[in-house]
Amino acid sequence: MALIKRAMVRAFTSFEAVFEYAFGQRNNPFVWLGALGWYFYWIVAATGVYLYIFFDTGITDAYASVEYMTHEQWYAAGIMRSLHRYASDALVVVVVLHIFREFAFDRLRGRRFFAWLTGVPLLGFIYICGISGYWLVWDQLAQYVALATTEWLDTLPVFGEPIANNFLNSTTLGGRFFTLMVFIHIFGPLFMLLLMWVHVQRHSAARVNPPRPLAIGTLLALLVLSVVYPAVSQGPANLDIVPAELGLDWFYLAAYPLLDIVPGGQLWLYFFIGFVILAVLPWAPPAKPAPAAEVHLDNCNGCARCFDDCPFGAITMVPRTDGEAYDVEPVVSVDNCTSCGICVGACPTATPFRRAGPLQPGIELPQLTIASLRDALVEAAGRRTGPARVVVFACDMSAVDCIEESDTRGATVVRLPCVGMLPPSFIDFTLKRGHADGVMIAGCAEGDCHHRLGNEWTAERMARRRDPYLRQRVDTRRLLLSWLPRGASARRRRALAEFRAALKELDRE
Ligand code: HEM
Ligand code: SF4
Ligand code: SF4
């Protein structure tokens, strides 16, 4: 499995490099796939509400009302119809990519299983909503979808009477099933929204909105497509005639041609097996859970910064239990904590300067304490002499593999699970105590932190916009923030070399 994931990561990173070049790191659509899913959902919902105003929900007049929208009112309802169609197709594309990407980047195992597991039924909902939508146009494609779907459903041993009988010819046609489809097409998306909300429940500050330039650009692209290539119907349905040639929507209806070669019952079985495999992937193989963050109340002042910064909603603030004068204290949920350490970077008591008593902050990772991090820093820094010595704080996920000490003379690497674990006081400490001439923080690409928010919070802390701030006395010319995707070794090394050259220049001043 690890090999497959590695190959997929390589494929994604090379493909995404092109998009990064075109859109910039911040607006790279690949790092916003989940948010784009939400965005397309809202476009589909808004256009759907508009279409509903003009849509006739009876089977006899449905087609005519869609034709009116497409041709008579092409400038408004027609465009809305096309937007509705294309945003639904785009939703499928981004969600499929989202699934592959979350899998490849291993954001589903261990305590992160929840989003994956709740995503699996979402996939089913997308298809139910999409397929029922095709039905409503009541053109020849709808006729094909209605007949194929009902015949396929009839292979399940749940319906007393074959429901496909409703669509055998125009005399058996009843509005009952059609009305049911209208109902499903309206209430399906509402349930889907509920499930989308559940899907991101374990994420604090879930990224459900793409950045504005990406949102505007995507909408414009859909609009242009809608005007140049409007969605149209395929001739009125007529149950007495078998449609000769149909244009299928491969985003939603790709499985239908399979029904010609695979018996319906067998196809259900394949889908069922596929869904089960998808659902168990978070445990293939099971992740070894790292210990969760631990709270040390003796050193906690209840400031709640750890609560604010935890990306996985693993911290709750509860009334104080130790009789200290503070109102609240943090409690870590072992079930939700992914051991990213970002809460440690947020804690104002995690400062390496402290001399009195043992160095123990209000919250920390038992497997990588702040005291051991300080020791690692001092030890690593001691290995370098000469001009422009740099300490690189590199995250395990995207940076450590890129910066080998052997090929970065003058630099030394201290690894962290996430750069968000680094309290800004460590930069001050490193420079002030002469452990290095410069500090490089090397983490994941913007918007694509493996631990969701580590690089974003770090950038804000270093820019003195988020607590705990980097102290004013730190010369920020001696600090380099390097956000790059996985595998960008050459770019990392180039950034480091340029930084060292700048440090040498600075020392000459
Ligand atoms: C309508 C469909 C979907 C939408 C709109 C959607 C949206 C999102 C959003 C907004 C996030 C949070 C991103 C962040 O804040 O960092 C997310 C995370 C995630 N989604 Fe989806 N998603 C959908 C379907 C799926 C499906 C079908 C799967 C897999 C079967 C899936 C798996 C995941 C995983 C594994 C994460 C990351 C969890 C983590 O970081 O711990 N999603 N999704
Ligand atoms: S280690 Fe990460 S997930 Fe766990 S409590 Fe701290 S910030 Fe939250
Ligand atoms: S950030 Fe530190 S001091 Fe503040 S509540 Fe959390 S553990 Fe306590």
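Please work out the FRET efficiency for the pair His71 and Trp197, using the Cβ-Cβ distance as r and a Förster radius of 51 Å; give the result to the nearest 0.05. Provide the component values of the computation, followed by the final result.
On the way: r = 38 Å, r/R0 = 0.74.
Once the sixth-power term is evaluated, E becomes 0.85.
Along the three principal axes, how long is the range 135-206 when you take its alpha carbons, biggest first, rounded to the nearest angstrom?
55, 29, 18
Quick one: if you stick a label point 7 Å off each Cα along the C-beta vector at Arg494 and Thr316, how many nm between them?
Placing both labels 7 Å along Cα→Cβ, they lie 4.9 nm apart.
Can you name the helices of the chain, as whole DSSP H runs, whose Cα span along the helix axis is 18 Å or more and whose Kyte-Doolittle mean is not below -1.0? If you can, show how the numbers build up before the last one.
Values: long enough: 2-23 (30 Å, 0.73); 33-54 (32 Å, 1.40); 79-104 (37 Å, 0.94); 113-136 (36 Å, 1.52); 140-154 (21 Å, 0.23); 176-199 (33 Å, 1.73); 212-228 (24 Å, 2.09); 264-280 (24 Å, 1.89); 489-508 (29 Å, -0.95).
Counting only whole DSSP H runs, the qualifying helices are 2-23, 33-54, 79-104, 113-136, 140-154, 176-199, 212-228, 264-280, 489-508.
Which of the three applies to the range 204-317, rounded, prolate or oblate, going by the alpha-carbon gyration tensor with a ≥ b ≥ c and a/c under 1.5 meaning rounded? Walk me through the numbers on the way to the answer.
Details: a/c = 4.89, a/b = 1.79, b/c = 2.73.
Oblate, since a/c reaches 1.5 and b/c is not below a/b.
Please work out the average accessible area per residue across the range 225-284, using the 1.4 Å probe convention, and give it in Å².
On the way: 3770 Å² over 60 residues.
Per residue, the range 225-284 has an accessible area of 63 Å².
Just the number, please: carbon plus sulfur as a percent of the accessible area of the chain, 1.4 Å probe, no ligands or DNA/RNA counted. Spell out each step's value before the answer.
Values: 15240 of 24260 Å².
Reported share for carbon and sulfur atoms: 63 percent.
Given a cut-off of under 8 Å on Cα pairs at least six residues apart, what relative contact order in percent is computed for the chain?
Relative contact order here is 13 percent.
If you place +1 on the Cβ of every Lys and Arg, -1 on the Cβ of every Asp and Glu, and leave all else neutral, what size is the dipole of the range 269-418 about its Cα centre, to the nearest 20 Debye? Could the numbers behind the result be given before it?
Values: 11 positive and 17 negative charges, 100 e Å.
Here the range 269-418 has a charge dipole of around 480 debye.
Given points 7 Å out from each Cα along the Cα-Cβ axis, report the Val224 to Phe272 separation in nanometres with one decimal.
Here the modelled spin labels are 4.7 nm apart.
Please work out the FRET efficiency for the pair Ser14 and Phe159, using the Cβ-Cβ distance as r and a Förster radius of 60 Å; give the result to the nearest 0.05.
Numbers: r = 49 Å, r/R0 = 0.81.
Step by step, r from the Cβ atoms, then E = 0.80.
Give the lysines whose C-alpha is closer than 21 Å to that of Lys5, dropping any in the same chain fewer than 8 places away, or say none.
Output for Lys5: Lys288.
What trypsin sites (Lys or Arg not before Pro) does the range 293-365 have in DSSP loop regions with at most 16 other beta carbons within 10 Å? The partial results should precede the final answer.
On the way: sites: Arg305, Arg320, Arg354, Arg355; in loops: Arg320, Arg354, Arg355.
Passing sites in the range 293-365 are Arg320, Arg355.
Rounded, prolate or oblate for the chain? Axes are the square roots of the Cα gyration tensor eigenvalues, ordered a ≥ b ≥ c, and the cut-off for rounded is a/c under 1.5.
Working: a/c = 2.64, a/b = 2.23, b/c = 1.19.
Prolate.
Is the C-alpha gyration tensor of the range 431-501 telling us rounded, prolate or oblate? Criteria: a/c under 1.5 is rounded; beyond that, a/b larger than b/c is prolate, otherwise oblate. Could the numbers behind the result be given before it?
Working: a/c = 2.58, a/b = 1.11, b/c = 2.33.
The shape class here is oblate.
What number comes out for accessible area per residue over the range 443-509 if the probe is 1.4 Å? Units Å², please. Show your work: numbers first, answer last.
Details: 3330 Å² over 67 residues.
Accessible area per residue, the range 443-509: 50 Å².
Arg508 to Ala371: FRET efficiency via 1/(1 + (r/R0)^6), r the Cβ-Cβ distance, R0 30 Å, to the nearest 0.05?
Numbers: r = 36 Å, r/R0 = 1.21.
So the FRET efficiency works out to roughly 0.25.
The values are calculated or read from the model by the stated rules, or taken from the named source; none is laboratory data. Not measured: the values here are computed from a predicted model. When we count neighbours, we look across all protein chains shown, and the Cβ atoms used for this are built from the backbone with ideal geometry, even at glycine. Accessible surface areas use protein heavy atoms only, side chains included; no ligands, DNA or RNA. Shrake-Rupley method; radii C 1.70, N 1.55, O 1.52, S 1.80 Å.
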